[in-house]
Amino acid sequence: MSVVPVAIVGANGYSGEELCALLARHPSIRIAGVSSRTHAGKPVGDVLPRLAGLPTFAGVNFVDSNVDVLLATGAQYFFLALPHGLAAEFALPLVSADRRVIDLSADFRLRDAEVYREFYGEEHPAPEALSEAVYGIPELHREQIAGARLVASAGCYPTSILLPLVPLLRAGLIDAGDIAVASASGVSGAGRKADVTLLYAECNESLRAYGIPKHRHLSEIEQELGAAAGRPVVITFVPHLAPMTRGIHTTTFTRLAPGATPEQVRAALDAAYADEPFVRVREALPDTKNVNGTNFVDIAVRFDARAGRLLLLSAEDNLVKGAAGQAVQNFNLMAGFDETTALL
């Protein structure tokens, strides 16, 4: 089997570090480059001790986050673990140089530059690329991802919300006009940065909502839900910061479509994910401790007959299936490897 040279751009954040750790287990890649403007020239293992001693990163130093430097590494695939707005500066020239890009940021998840401006408060840095980028949830867009030059890996909250809902909207089993979501995420979802609101003393033994009523991830969530329903979908979404390092738990409240039954809902989810290696439709209620450190999403269904509401519950690791693991899953599809490589 051929060995593929890959590079990670912006590897010193939480998602970038997780990505490096997963790629260290990949038998068919070579780390051609790891970049950081802050740590250029330093051994990767010195900056990210988790990677010290791993053969994949032996002798690998950070290089400067510069497109020409990155192209000189010889990498054919590039993972962009960068903040939104910055990833586009790298994605366009890399794709133009006939490289393939997996972007973990939000820069290319939306198809409409006006929606980006509405939710992110700024003009899109590369609107001409939005029509080419493929939204990166393999369970929903596998064939398109495999042939793409630019894949926009989905966000952590959207993944936990879309996987339970999309099959049901496609089947017409739920009321697309009555959907509300409450999610709780570990603090690592905010990224590795200095922020008083993310200090241990501020987050420990505390639970708080934030980003309401218009969290940025709503834009991609509603885009994909609308595509599944065949019409615009508007939902209520309330994210919470939970006193844990990693993991996302999501509860979705909706109603059955006329004539639909809870049994049909469960059957539709079972059918949609029967052959999916990373989606587990279970009877037990999801628990973040059972998915943390893995690329699994656990989903369960309950029906509240008294209130007439359908409850969809899911759990995932925000740094794996919600970020780095999903990126590797997308890469495997693009490069023609088994989808589960380095993830099971």
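Brief remarks follow.
- Evaluation of Leu256 against (1) touching a residue at least 60 places away in the same chain (Cβ under 8 Å); (2) within 24 Å of Pro213 (Cα to Cα); (3) in the same structural domain as Arg192 (by TED's automatic domain parsing) (one fails), failing number: (2)
- Failed criterion for Glu89 (all others in (1) in a helix (DSSP H, G or I); (2) acidic (Asp, Glu); (3) farther than 24 Å from Gln223 by Cβ hold): (3)
- Of everything in the stretch 60-98 that is of a type in the set (Ser, Thr, Tyr) and at pLDDT 95 or above, the residue that is surrounded by the most Cβ atoms within 10 Å (Cβ to Cβ) is Tyr77.
- For the criterion of being within 16 Å of Leu80 (Cα to Cα), crowded, with 24+ Cβ neighbours inside 10 Å and free of Cβ contacts under 8 Å to residues at least 40 places away in the same chain, Val34 passes.
- Only a single item in (1) under 23 Å from Asp317 (Cα atoms); (2) assigned to a helix (DSSP H, G or I); (3) touching a Phe, Trp or Tyr at 6+ places or on another chain (Cβ under 9 Å); (4) not β-branched (Val, Ile, Thr) is not met by Leu94, and it is number (1).
- Test for Asp46: is it surrounded by fewer than 15 Cβ atoms within 10 Å (Cβ to Cβ) and either among the charged types (D, E, K, R) or at positive phi (or both): yes
- With respect to being of a type in the set (Asp, Glu), at pLDDT 95 or above and out of contact with any Gly (no Cβ under 7 Å at 6 or more places or on another chain), Asp195 falls outside the description.
- Restricting attention to the stretch 318-344 and to residues that are of a type in the set (D, E, K, R) and out of contact with any Phe, Trp or Tyr (no Cβ under 8 Å at 6 or more places or on another chain), the residue that is nearest to Arg109 (Cα to Cα) turns out to be Glu339.
- In summary, Phe108 fulfils each of the numbered conditions (1) part of a loop (DSSP other than H, G, I, E, B); (2) at pLDDT 95 or above; (3) loosely packed, with under 15 Cβ neighbours inside 10 Å with the single exception of condition (3).
- Which listed residue is farther than 16 Å from Ser185 by Cβ and of a type in the set (Lys, Arg), from Arg246, Arg282: Arg282
- Residues (touching a strand residue (DSSP E or B) at 6+ places or on another chain (Cβ under 8 Å), under 22 Å from Leu311 (Cβ atoms) and not charged (D, E, K, R)) located in the stretch 207-233: Leu207, Ala209, Ile212, Pro213, His215, His217, Leu218, Ile221, Leu225, Ala229, Val233
- The stretch 256-272, residues that are acidic (Asp, Glu) and over 26 Å from the mean Cα position of the chain (by Cα): Glu263
- In the set (1) small (Gly, Ala, Ser); (2) surrounded by fewer than 17 Cβ atoms within 10 Å (Cβ to Cβ); (3) over 28 Å from Glu17 (Cβ atoms), Ala176 fails one condition alone, (2).
The values are calculated or read from the model by the stated rules, or taken from the named source; none is laboratory data. Values in this document were obtained by computation on a predicted structure and should not be read as measured data. Methodologically, a virtual Cβ is constructed for each residue, glycine included, from the backbone with ideal geometry; neighbour enumeration extends over all protein chains shown.
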